[in-house]
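Reading through the structure tokens given below for one structure.
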């Protein structure tokens, strides 16, 4: 089983992202396919920290790869990672999304992160991605319902910022009872089982869709 290596997106027409594990001197490169979408993942051995610094800092990532790595197969033996059968088991965590009052919506089971929109009535959106599940993600949206309902509208959708028609990730999701409030004052509570290496971002907090 290959060790999972965190990847960082780069500016390149042929390479999507790169990463390095100094302990094993392994370079990881995820290429782009012919459509410019996420492609295959390769690992290159004997790649030192100095090699990676030069690669990451190159003026052109693609040119550096072609000139110094691609054909140096004896120096940097490489292999394609079989992600379907070689992915590490990292476990899951259960996130819990709910709204409070008429202005705050967030995740309260693991991160206790929320966002206050100052009762603007605008939706609050959280993205969930995972390094171990590249190319897929979710958007969880909460919006306080107008009128006198006093409740929150909570929804879920695929996170697809590049409009690649990405499939929904197979992360179990369900609505559960809101037992912390009195009858008649309950809001929908959404639980999602996500990979343990999940990354959570609020689009409005980051200045997107604000």
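Using the scaling law 2.2 N^0.38 Å as the reference, what is the normalised Cα Rg of segment 92-202?
1.07
Consider all pairwise Cα distances in segment 8-86 and report the whole-number % of them above 21 Å.
Cα-Cα pairs of segment 8-86 separated by over 21 Å account for 20 percent.
Points 7 angstrom from Cα along the Cβ direction at residue 25 and residue 101: gap in nanometres?
Going by the 7 Å Cα→Cβ label model, 5.7 nm.
Find the eigenvalues of the gyration tensor of the Cα atoms of the chain, then list the square roots of 5 times those eigenvalues as equivalent ellipsoid semi-axes, largest first, in whole angstrom.
Working through the eigenvalues yields semi-axes of 42, 17, 14 Å.
Give me the number: length gained by fully extending residue 34 to residue 72, i.e. 0.36 nm times residue separation minus the C-alpha to C-alpha distance, one decimal in nm.
11.3 nm
When only C-alpha pairs under 8 Å and at least 6 residues apart count, what is the relative contact order of the chain, in percent?
16
Expressed as a rounded percentage, what relative contact order does segment 8-86 have, with Cα pairs under 8 Å and six or more residues apart?
26
Which FRET efficiency, nearest 0.05, do residue 60 and residue 80 yield, Cβ-Cβ r, R0 25 Å?
Efficiency computed from Cβ-Cβ geometry: 0.60.
Would you mind computing, in nm to one decimal, how far apart the modelled labels at residue 119 and residue 10 are, each placed 7 Å from Cα along Cα→Cβ?
5.1
Where a number appears in this text, it was derived from the coordinates with a stated rule and is not lab data. Since the structure is predicted, the reported quantities are computational estimates derived from the model, not experimental observations. Cβ sites come from the backbone with ideal geometry, for glycine too, and all protein chains shown count toward neighbours.
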